[in-house]
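All remarks here apply to the structure that follows.
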Amino acid sequence: MVDISTFHSNTFSGQLNTDFTVQGNGSPTTLQLVEVVEKQTPASVESFSLHFQGPAAPHLPQQIHTLQHEKLGTFQIFLTAVEGNQQSITYEAVFHRLRQS
């Protein structure tokens, strides 16, 4: 399992519009990374969010999920649904941490 503390916004920006597989109790669900949003912060703080789009069903619960990506490997991330309709659900992961020196 990959330690996501080594991932930064540019790690994910390079993977826009690629698929991430969510491993769960049932069958795997595919999410597509559709947006990386960097927040303005002091130089000592890193803050960004990721938006993933997935199918309307199954609805993934707000919790830590195991994601798998062909280039980034397997890692755990907290996802929460932020919007949805009959076709899809958008999930968000937020990173807010002190920058490593």
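The values are calculated or read from the model by the stated rules, or taken from the named source; none is laboratory data. Note that the structure is a prediction, hence the values are computed from the model and not measured. Note that we place each Cβ from the backbone using ideal geometry, even for glycine, and neighbour counts take in every protein chain shown.
If you go through segment 1-50 and keep only what is farther than 27 Å from ASN85 by Cβ, touching a Leu at 6+ places or on another chain (Cβ under 7 Å) and either among the basic types (Lys, Arg) or part of a strand (DSSP E or B) (or both), you end up with just VAL45.
Which one is modelled with the highest pLDDT among residues in segment 51-89 that are in a loop (DSSP other than H, G, I, E, B) and crowded, with 17+ Cβ neighbours inside 10 Å? Checked segment 51-89; the qualifying residue modelled with the highest pLDDT is LEU72. Filtering segment 17-27 to residues that are of a type outside the set (Gly, Ala, Ser), surrounded by 13 or more Cβ atoms within 10 Å (Cβ to Cβ) and either farther than 13 Å from GLU70 by Cα or touching a residue at least 60 places away in the same chain (Cβ under 8 Å) (or both) leaves only GLN23.
Of all residues in segment 51-84 being touching a residue at least 12 places away in the same chain (Cβ under 8 Å) and among the small types (Gly, Ala, Ser), which is nearest to ILE4 (Cα to Cα)? Can you show your working first?
Narrowing segment 51-84 to residues touching a residue at least 12 places away in the same chain (Cβ under 8 Å): 51-56, 58-60, 62-82, 84.
Among the residues that remain, those that are also among the small types (Gly, Ala, Ser) are: 54, 56, 73, 81, 84.
Details: GLY54: 21, ALA56: 27, GLY73: 10, ALA81: 20, GLY84: 26 Å.
It comes out as GLY73.
Select from segment 32-50 the residues that are aliphatic (A, V, I, L, M) and at pLDDT 95 or above and write down the one among them that is surrounded by the most Cβ atoms within 10 Å (Cβ to Cβ). For segment 32-50, the residue satisfying everything is LEU50.
Here's a check for you: in segment 90-100, which residue that is surrounded by fewer than 16 Cβ atoms within 10 Å (Cβ to Cβ) and in contact with a Phe, Trp or Tyr (Cβ under 9 Å, 6 or more places away or on another chain) is farthest from GLN32 (Cα to Cα)?
First pass over segment 90-100, keeping only residues surrounded by fewer than 16 Cβ atoms within 10 Å (Cβ to Cβ): 94, 96-100.
Then drop every residue that is not in contact with a Phe, Trp or Tyr (Cβ under 9 Å, 6 or more places away or on another chain), which leaves 94, 96.
Details: VAL94: 16, HIS96: 22 Å.
Within segment 90-100, the match that is farthest from GLN32 (Cα to Cα) is HIS96.
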